[in-house]
Amino acid sequence: MPDALLPDPEQWRVLPPGLRRLRRTLLVLGTILAVALTLLISLSVGGWPWVLLTAAPLLAAIWAWWSIGAGWRAWRYAEREDDLLISRGVLVRRLVVVPYGRMQLVDVTAGPLARRFGIAEVQLHTAAAASDAVIPGLPQREATRLPDALTERGEARSAGL
């Protein structure tokens, strides 16, 4: 999509740090478990040379820490007059355009951990089966405001059909 059709950079909304914090917390907990398990197995199987295997989960955790940050920075969305834009992707940039008149359902989801971190996910459903319009990690206030605003705009756009 040509840059002339995209909104100004200041119109894009970025995700708050709650989603990044949640994912990194889960990563740290999983890494602690993986290192402990690897250390236990390596000490019981072969002794000290095998302890070097504990570096594998640590290296994977370092890469995942960076990946979580890069993925979090790549998500953004913009509410335009006729549609909602969602942009994401680190290596492959993906732009999803959802016309308000085509929306059928706006779904807000928050599991127990997401609620603990004060975030929710907003998913937009359209008639297209391949619609992948998801905005993860929104603060609770924004996650309740956005569906109302999108539904109101969708009803205004579909009224003319």
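The values are calculated or read from the model by the stated rules, or taken from the named source; none is laboratory data. All values derive from a computational prediction rather than experimental measurement. Because the Cβ atoms are built from the backbone with ideal geometry, glycine has one as well, and the counts that use them run over all protein chains shown. Just the protein is used for accessible areas: all its heavy atoms, side chains included, with ligands, DNA and RNA removed. Shrake-Rupley method; radii C 1.70, N 1.55, O 1.52, S 1.80 Å.
List of remarks:
- Percentage relative contact order, the chain, counting C-alpha pairs under 8 Å, at least six apart: 22
- Pairwise Cα distances in segment 67-161 exceed 24 Å in 22 percent of cases.
- Counting 0.36 nm for each residue step from Q11 to L26 and taking away their Cα separation leaves a gain of 2.3 nm.
- Measuring r between the beta carbons of A74 and A34 and using R0 = 35 Å, the FRET efficiency lands at 0.85.
- Spacing of the two label points (7 Å from each Cα toward its C-beta) at V108 and D148, in nm: 0.8
- Judged by the mean number of other Cβ atoms found within 10 Å, the most tightly packed of the peptides 85-98, 115-128 leads the ranking 115-128, 85-98.
- Theoretical gain in end-to-end length, A130 to W50 [0.36 nm per residue, Cα-Cα removed]: 24.1 nm
- Fraction of accessible area attributable to carbon and sulfur, the chain (%, probe 1.4 Å): 62
- The length gained on full extension between W66 and V97, counted as 0.36 nm times the residue separation minus their Cα-Cα distance, comes to 8.4 nm.
- The calculated Kirkwood hydrodynamic radius for the chain is 18.2 Å, given to one decimal from all distinct C-alpha pairs.
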